[in-house]
Amino acid sequence: MAPVGEAIAPVAPRDALARARLRASLVPDLLVEARRVVNTVIAGWHGRRRRGIGENFWQFRPYVEGETVARIDWRRSARDDHTYIREREWEAAHTVWLWADPSPSMLYQSRAASVSKESRALVLALALAELLSRGGERIAWPGLTDPFTARNGAERIAGRLAHATAPATRPDLAGVRRFSDVVIASDFLDPPDEIRAWLDPLARRGVRAHLIEVADPAEESFPYAGRTEFRDPETGERLVAGRAETFAADYRHHYQARRAELAAWCRRLGWSYTVNHTDRPASEALVKVHLAMGEPGSYGATA
């Protein structure tokens, strides 16, 4: 729940279409911020494309504007009026899927934070799209794009986000294939059992996930005292605490226990779990996720 009186930037609209319009209005500025963040870490970035795995021919697919012409198969393209890319098995299977949680709780921003959780999640996702696109990676956004390779990948995803209406609070990940990576930026405030039930099928299919918990510092420290009214941004439900400080110890315990449980579960699966506070630079999380994605990791561990 968000305390009434704390900044919620902007105030969370309960109507899904209004939230979608609000999110779309943020995208252009967030793309600029994502590119700024990328430029602070780009010197240490190395592409993750692998040779020696899946070198066998997989399929021909249409050329996408923005891809290097060196990848065009001119012999196949000469057969008709289309231009084709020769795709190897690893390239076809290995896509990095990006997703930022659009739930109303992500709009929360306390006075201690410089941005809302939603803004930070979108910046991280778009920054990763920019980095991966520059490295020639295949990227996708579930429910928004099919996997593609293009130098302007972040811009293309931002354009789709700006025109998306009422995005799902949880995406359909059924189409994510083995040897792919999924990056999810969310506050992960749902019960851990629900989150595991949602994401466990990915592990069974041989997909590796990287979870980025976007946290507002006030959510973690619970700095409230005296009479405080809290509001649930998801349901609108309200709770009035006569002495909010009496809840602090139990709240912090449950908050940290949830995080520890999810992080331990990710470690067992060979996944990564990164926490980024909205009063800290986005580049900190970007570097950690980049390092995690570059490690051998696991595609198919079991809990």
Restricting attention to the stretch 209-233, the residues that are in a strand (DSSP E or B) and at pLDDT 95 or above number exactly 7
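Test Ala285 against the stated conditions and say whether it is surrounded by 19 or more Cβ atoms within 10 Å (Cβ to Cβ) and either in contact with a strand residue (DSSP E or B) (Cβ under 6 Å, 6 or more places away or on another chain) or modelled with pLDDT under 95 (or both).
Criteria met by Ala285.
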For the stretch 119-129, indicate whether the set of residues that are more than 16 Å from Glu213 (Cα to Cα), in contact (Cβ under 8 Å) with a residue 40 or more places away in the chain and surrounded by fewer than 19 Cβ atoms within 10 Å (Cβ to Cβ) is non-empty.
-> no
Could you look through the stretch 243-286, keep only residues that are of a type in the set (Gly, Ala, Ser) and within 15 Å of the chain's Cα centre (by Cα), and pick out the one that is farthest from Glu229 (Cα to Cα)?
-> Ser272
Of the numbered conditions (1) closer than 21 Å to Met106 by Cα; (2) charged (D, E, K, R); (3) in contact (Cβ under 8 Å) with a residue 12 or more places away in the chain, Arg243 satisfies every one except a single condition; which is it?
-> (1)
Selection status of Pro223, over 23 Å from Ala125 (Cβ atoms) and either under 20 Å from the mean Cα position of the chain (by Cα) or assigned by TED's automatic domain parsing to the domain that holds Ser105 (or both) | yes
Can you tell me which residues in the stretch 175-204 are part of a loop (DSSP other than H, G, I, E, B) and either surrounded by fewer than 16 Cβ atoms within 10 Å (Cβ to Cβ) or on the phi > 0 side of the Ramachandran plot (or both)?
-> Gly175, Arg177, Arg178, Phe179, Phe188, Pro191
Search the stretch 268-281 for residues that are small (Gly, Ala, Ser) and pair each with any residue that is part of a strand (DSSP E or B) when their beta-carbon atoms are under 6 Å apart and the residues are at least 6 apart or on different chains.
-> Ser272/His210
Of the residues in the stretch 226-246, those that are surrounded by fewer than 16 Cβ atoms within 10 Å (Cβ to Cβ) and more than 24 Å from Arg120 (Cα to Cα) come to Gly226, Arg227, Glu229, Glu237, Arg238, Leu239, Val240, Gly242, Arg243, Glu245, Thr246
Residue check, Tyr251 against (1) surrounded by 15 or more Cβ atoms within 10 Å (Cβ to Cβ); (2) in contact (Cβ under 8 Å) with a residue 60 or more places away in the chain; (3) more than 25 Å from Leu122 (Cβ to Cβ), all met but one. Which one?
-> (2)
Mind telling me which of the residues Phe148, Phe188, Phe179 ends up being aromatic (Phe, Trp, Tyr) and modelled with pLDDT of 95 or more?
-> Phe188
Taking the stretch 138-174 as the region of interest, how many residues are aliphatic (A, V, I, L, M), on the phi > 0 side of the Ramachandran plot and surrounded by 15 or more Cβ atoms within 10 Å (Cβ to Cβ)?
-> 0
Do we have any residue at all in the stretch 141-149 that's aliphatic (A, V, I, L, M) and in contact (Cβ under 8 Å) with a residue 24 or more places away in the chain?
-> no
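The values are calculated or read from the model by the stated rules, or taken from the named source; none is laboratory data. Given the structure is predicted, the values throughout are model-derived calculations rather than measurements. Virtual Cβ from ideal backbone geometry, glycine too; neighbours counted across all protein chains shown.
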